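Encoded as structure tokens, the structure appears first; notes follow it.
The values are calculated or read from the model by the stated rules, or taken from the named source; none is laboratory data. Note that this is a predicted model, so its numbers are computed, not measured. Here the Cβ positions follow ideal geometry from the backbone for every residue, glycine too, while neighbour counts run over all protein chains shown.
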Amino acid sequence: MSVSTQNRPTLTVSGRPMSSPLKDVWALSRQMVGHFVENVAPCGTLPGDAIYGDVTTITRTCLELAVGMLDGTNIPEKIERLKDAAAQWAREGVPIDTIHHAIHEGFKIGFDLVVSSAATKHRSAGSGEHDGMTLSLADYESLIGGAQLVVEMLDTMTTAVSTAYVRELKAVVSEHHTAVHTLTSALLGGHPTSTMARECGIEIAERYHVLALAIPPHPDESNPVLDGRVVARRKLRRLQATLATRCNDTALSLLSVDGGTLLIPVRETDDTFDDLVTRLSKAARVPITATLVSTPTDTIPTAADQAHQLLDMVARLHSEPGLYRFDDLALEYQLTRPGPGREYLGSLLEPLDHHPELLETLHTHIAHNLNRQRTARLLHVHTNTVDYRLKRIGQLTGFDPTQASGLWYLRSALVARSYRSSDR
């Protein structure tokens, strides 16, 4: 805070306190509030009891603060009242730019009154028009000091308002975030949520899109010069901000820097989620992988479990980042269930155990939509080498990866093998 609480000399003009035109704070505050309603557009939208109650009261406090500073008196208690008012406005959703604009408008009115009063006194005291408008050196220095003090007043008031407003807004956001976090946890856990939903002011939808997200590390998280934790948190904040904007704050989420779960009310087709995942990836500046399952609210826990199992399966298959729906992976999902079918399929790739380069080629080729050129580029080999390896895989396993039937068995074997290995 730039204002000292120590007493200072009173600024005077023609022997009278410069603050004299502002002394009638009751009448002047009503005049200023009327000006705000007429000229500061958002003020006209406030309820009447707010205009002629809180707004008038805090305008009077600002005037008392200005008079006190001009008279050199202590003003800390008035600053605290201003902070309390700013915090209340933050809770009520009054835009901070409206508050600052009103403060500046009030300063224009007050400064005009002080300057006009000084000019009037000199006209009445002078013998001629020219002499009446000539200020003494002392009065000139007082006006200069008053102008400098105006800047200090503005700094004091805007700093007090901004600090209190932002602090209260952070507290409100934190309360809402905690409430949403608790509600989301309850939905994912299958617990009753009606009471929590009312307390949060959130309407529970009948159906939800459940998205499981995998968020890879940002390259800067491993930069030894930077704090990786800070980089990761900034990545998450960017993603959350985009999510709030894109979903109009209707999305419920439990997210960490590595991923998590989103619950989005079913109000539109899930075709829009491809774009959502693209936007989130752009905001986080990393390629995000997501899986989607739609479900009634009462089966969210089961759907969330399925979505994360699908996400795990996509990772095991080394699939490209993007959005994957349950319908697209239903067969692969079923292959992950324990049983003799999975055991049989998992054994089909055993002939490749002694040929890791062939297994890697099969993984890469399937993960990148059977694109030979891209597979070759990622493996740093020629496309002819890819062709040779695919042919060799067919010879060793008995399933030709260039044929639809053979490819189906090999892809299924990759899925089953990854789960059979982890179980063992």
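Starting from residues that are in a loop (DSSP other than H, G, I, E, B) and farther than 24 Å from Leu329 by Cα, keep the ones in segment 346-381 and report whichever is farthest from the chain's Cα centre (by Cα). It comes out as His354.
Could you identify the single residue in Leu280, Leu243 that is more than 23 Å from Asp327 (Cα to Cα) and surrounded by 16 or more Cβ atoms within 10 Å (Cβ to Cβ)? Full working, then the answer.
Details: Leu280 fails: more than 23 Å from Asp327 (Cα to Cα).
Every option except Leu243 fails the conditions.
Contact annotation: residue pairs with Cβ atoms under 6 Å, 6 or more positions apart or on different chains, pairing a residue in segment 349-375 that is in the same structural domain as Gln403 (by TED's automatic domain parsing) and charged (D, E, K, R) with a partner that is assigned to a loop (DSSP other than H, G, I, E, B) and modelled with pLDDT under 90, are Arg374/His368. Per this entry, Leu348 is counted among residues that are more than 30 Å from Val286 (Cβ to Cβ) and among the hydrophobic types (A, V, I, L, M, F, W, C).
Does Thr385 satisfy the criteria of being assigned by TED's automatic domain parsing to the domain that holds Ser405, modelled with pLDDT of 85 or more, buried (at least 19 other Cβ atoms within 10 Å of the Cβ) and not aromatic (Phe, Trp, Tyr)?
Details: assigned by TED's automatic domain parsing to the domain that holds Ser405: yes; modelled with pLDDT of 85 or more: yes; buried (at least 19 other Cβ atoms within 10 Å of the Cβ): no; not aromatic (Phe, Trp, Tyr): yes.
It is false that Thr385 is assigned by TED's automatic domain parsing to the domain that holds Ser405, modelled with pLDDT of 85 or more, buried (at least 19 other Cβ atoms within 10 Å of the Cβ) and not aromatic (Phe, Trp, Tyr).
Annotation note: Cβ proximity below 6 Å between a residue of segment 159-180 that is more than 17 Å from Asp97 (Cα to Cα) and a residue that is at pLDDT below 75 and in a helix (DSSP H, G or I) (sequence gap 6+ or interchain) occurs for Ala179/Cys200.
For segment 287-309, the set of residues classified as in a loop (DSSP other than H, G, I, E, B) and surrounded by fewer than 19 Cβ atoms within 10 Å (Cβ to Cβ) consists of Pro287 only.
Asp249 falls short on exactly one of the conditions (1) of a type in the set (Asp, Glu); (2) over 18 Å from Leu187 (Cβ atoms); (3) within 15 Å of the chain's Cα centre (by Cα), and that condition is (2).
If I filter segment 323-343 for residues that are modelled with pLDDT of 90 or more and either assigned to a strand (DSSP E or B) or not assigned by TED's automatic domain parsing to the domain that holds Asn369 (or both), do I get at least one hit?
Start the filter on segment 323-343 by keeping residues that are modelled with pLDDT of 90 or more, which leaves 323-324.
Imposing the further condition that a residue be either assigned to a strand (DSSP E or B) or not assigned by TED's automatic domain parsing to the domain that holds Asn369 (or both) reduces the set to 323-324.
Within segment 323-343 (the criterion being modelled with pLDDT of 90 or more and either assigned to a strand (DSSP E or B) or not assigned by TED's automatic domain parsing to the domain that holds Asn369 (or both)), the answer is yes, since at least one residue qualifies.
Residue under question is Asp258, and the condition is that it be surrounded by fewer than 20 Cβ atoms within 10 Å (Cβ to Cβ) and free of Cβ contacts under 8 Å to residues at least 12 places away in the same chain; does it hold? Answer is no for this residue. Of the residues that make up segment 257-266, is at least one in the same structural domain as Ala232 (by TED's automatic domain parsing), part of a helix (DSSP H, G or I) and of a type in the set (Asp, Glu)? No, because not a single residue in segment 257-266 is in the same structural domain as Ala232 (by TED's automatic domain parsing), part of a helix (DSSP H, G or I) and of a type in the set (Asp, Glu).
Candidates Leu243, Leu276: the one that is in a helix (DSSP H, G or I), farther than 25 Å from Ala367 by Cα, without any contact (Cβ under 8 Å) to a residue 60 or more places away in the chain and not assigned by TED's automatic domain parsing to the domain that holds Ile393 is Leu243.
Condition first: among the hydrophobic types (A, V, I, L, M, F, W, C) and under 13 Å from Ser319 (Cβ atoms). Now tell me which residues in segment 362-377 satisfy that. I'd like the intermediate steps shown before the answer.
Just the residues of segment 362-377 that are among the hydrophobic types (A, V, I, L, M, F, W, C), to begin with: 362, 366-367, 370, 376.
Within segment 362-377, Ile366, Ala367, Leu370 qualify.
How about segment 395-420: which of its residues are under 44 Å from the mean Cα position of the chain (by Cα) and without any contact (Cβ under 8 Å) to a residue 40 or more places away in the chain? Scanning segment 395-420 gives a single hit, Trp408. Across segment 216-240, the qualifying residues are those that are within 24 Å of Ala179 (Cβ to Cβ) and touching a residue at least 40 places away in the same chain (Cβ under 8 Å), and the one among them that is surrounded by the fewest Cβ atoms within 10 Å (Cβ to Cβ) is Arg238.
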